[in-house]
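One structure below.
Every read-out reported here was derived from the displayed coordinates using simple, explicitly stated rules and does not represent laboratory data. Keep in mind the model is a prediction, meaning the values are calculated, not measured. Here the Cβ is made from the backbone with ideal geometry for all residues, glycine too, and neighbour counts use every protein chain on show.
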Amino acid sequence: MNDLDKPHDECGVIAIYAPKEEVASIAYFGLFALQHRGQEAAGIAVSDGKVIHEHKDLGLVAQVFNPTILAKLPGHLAIGHTRYSTTGSSTLRNVQPFLIDTQHGPLAVAHNGNLVNAGALRKIILQKGVGLSASSDSALLTMMLAGATGDSWEERVKNTMPLWQGAYSLVFLTKDQVLAVRDPWGFRPLSVGQLPCGGYAIASESGSLQTIGCEQIREIQPGEIISLDARGLISLEGLPPAKKTARCTFEHIYFSRPDSVWDDLSVHQVRQHLGAELWRENPVAADIVIPVPDSSIPAAIGYAQASGIPYNDGFIKNRYIGRTFIQPTDSLRRQGVALKFNTLASNLKDKRVIVIDDSIVRGNTSGPLIKLLRKAGAREVHLCITCPPIAHPCFMGVDMGSCEELIAHRMSVDEIKNFIGCDSLYFLSLEGMMRAIGRNAGYCNACFTGNYPIAVDEMHTKTGFED
């Protein structure tokens, strides 16, 4: 029951250092606020300064943890992870954090992103006779750090970073230290803030840090290493930032919570600007503007404000249907998207309807949504998308599918319109999208353009290490 026609991010990570606090519950609530980034699995590793205890399993954060389990994770240092797989299948052996014993003591690692040179690195590791217990690139990162040179974990991380090509926002836990690092391109987000108790926390999104009460929140810079321990917060440069950074545009469009900040920009405000730009580029005569909830709500508000067309609800989302692991019967499965959305016929009957959505990936839910609107009595249905057509796969930690699975790779805009059955279909231009964001550089738009910021292996699949 997942959103099959939406991009999926790999995961969310969190790290906590809070002396004199039992941090497992803090990590739990921080992960809970990152649940939207991955619903396949969750894990937390905690250290009391001597021993690392860990619990992880398949399922949602609230399914994996309960008060009894959290009570068995004592300590004042922790990292956590909530997963959607992009390298390695969704099995227990790939659930993070990865915890191993090294010659320098225990090490736990949690990773958001994707290494584009994972295949080459894996061959090197295996040729050295090192075994791998998991099939993800995150396991490779862990084993490489275990064998890295350096007198401290900061040095080992710094010495290993030049070997990693691709997207990585990483958190590490040793017996007495928490570390974090972000790749020099800045693909995936990572922020740090100060806890009310005097400690610090690191998370994939600033919204998660706000949930656990952090203040003085800032983005960890591309190439920066952060260390948290008894010395406090220490920052050092692992690698210089890339000459051309490549932040993921989809954090603004879809992934991040609207209360998060990405590249010092309010995600909610950017989404409103995306909707306004859609109107400026593609004004449509209509009676009502509705979003496909939830990520498209700010954009629909922006479109309505710019156009003067009234905003209202047309879909009511059954928010928890996608969070069940109970499979529907065949008859229910045939209803497809109707399980997830109901329509408000009183708002739609005899109306010309503008539908705002954030993206079309495979094209398998837009058609059923439009049929629902027509069944509810909509006279016209015009679909407006807050980004350009997604015609190329992502290799930096977003599961969008292969070229063959992407509808915009196979069809023109008119063909997509006819396929999904709307009266008109408009995508925001690349230039309009960047105007809405307020940046003219520094972002990765490879899924729209096919121009990847670093060299990629376009033949690699997410389960390629298991074939």
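Can you tell me how much longer the chain between ASN440 and SER424 gets when fully stretched, taken as 0.36 nm per residue apart minus their C-alpha distance, in nm with one decimal? All intermediate terms of the calculation are to be shown ahead of the outcome.
Numbers: separation 16, 0.36 × 16 = 5.76 nm, distance 2.89 nm.
Stretched out fully, the ASN440 to SER424 stretch lengthens by 2.9 nm.
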Under unit Cβ charges (Lys, Arg +1; Asp, Glu -1), what dipole magnitude, rounded to 20 debye, does the chain have relative to its Cα centre?
680
Considering the dipole of the range 261-449 built from charges on the beta carbon (Lys and Arg +1, Asp and Glu -1) around the Cα centre, which of VAL267, ILE290, ALA376 is farthest to its positive end?
ALA376
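Compute the semi-axes of the equivalent ellipsoid of the chain, taking the square root of 5 times each eigenvalue of the Cα gyration tensor, and list them largest first in whole Å. Walk me through the numbers before you get to the answer.
On the way: eigenvalues 306, 102, 92 Å².
Whole-Å semi-axes of the equivalent ellipsoid: 39, 23, 21.
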Bounding extents of the range 165-238 in its principal axis frame from Cα atoms, largest first in Å, are 37, 27, 17
Please give the contour-minus-distance gain from LYS317 to GLU415: 0.36 nm per residue of separation, less the Cα-Cα distance, rounded to one decimal in nm.
32.5 nm
Report the normalised scattering of the range 261-449 as log10 I(q)/I(0) at q = 0.10, 0.11, 0.14 Å⁻¹, calculated by the Debye formula with identical scatterers on the alpha carbons.
-0.41, -0.49, -0.82
Extending each Cα 7 Å along its Cβ direction at LYS72 and GLU405, get the distance between those two points in nm, one decimal.
3.5
List every residue whose amide H lies under 5 Å from the amide H of ARG247, counting only residues 5 or more places away in sequence or on a different chain, with H placed 1.01 Å from N in the peptide plane.
TYR443, CYS444
Go through PHE65, ALA436, GLY49 and say which Cα lies farthest out towards the positive end of the charge dipole of the chain; charges sit on Cβ, +1 for Lys and Arg, -1 for Asp and Glu.
PHE65
Name the residue farthest towards the positive end of the dipole of the chain from the options ALA345, GLY147, THR249, assuming +1 on Cβ of Lys and Arg, -1 on Cβ of Asp and Glu, about the Cα centre.
ALA345
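Got a sec? How would TYR84, TYR168 order by Cβ neighbour count within 10 Å, fewest to most?
Neighbour counts put them in this order, fewest first: TYR84, TYR168.
Give me the Kirkwood hydrodynamic radius of the range 187-320, using the inverse of the mean 1/r over all pairs of distinct Cα atoms, in Å to one decimal.
One over the average 1/r among Cα pairs gives 17.0 Å for the range 187-320.
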How big is the charge dipole of the range 192-238 about its Cα centre, in debye rounded to the nearest 20, if each Lys and Arg gets +1 on its Cβ and each Asp and Glu gets -1 on its Cβ?
120
In terms of the Cα gyration tensor, with a ≥ b ≥ c the square roots of its eigenvalues, is the range 373-415 rounded because a/c is under 1.5, prolate because a/b exceeds b/c, or oblate?
prolate
Checked the range 8-245 with the C-alpha gyration tensor, a ≥ b ≥ c its square-rooted eigenvalues, rounded below a/c of 1.5, otherwise prolate if a/b is larger than b/c and oblate if not; verdict rounded
Step through the table entries LYS340/LYS417; LYS349/LYS371; LYS20/LYS158; LYS72/LYS158; LYS56/LYS123; LYS20/LYS72, compare each Cα-Cα distance with 24 Å, and write down the pairs that go over it.
LYS20/LYS158; LYS72/LYS158; LYS56/LYS123
Stretch gain in nm, segment THR449-GLN35, where the contour uses 0.36 nm per residue and the Cα spacing is subtracted:
146.1 nm
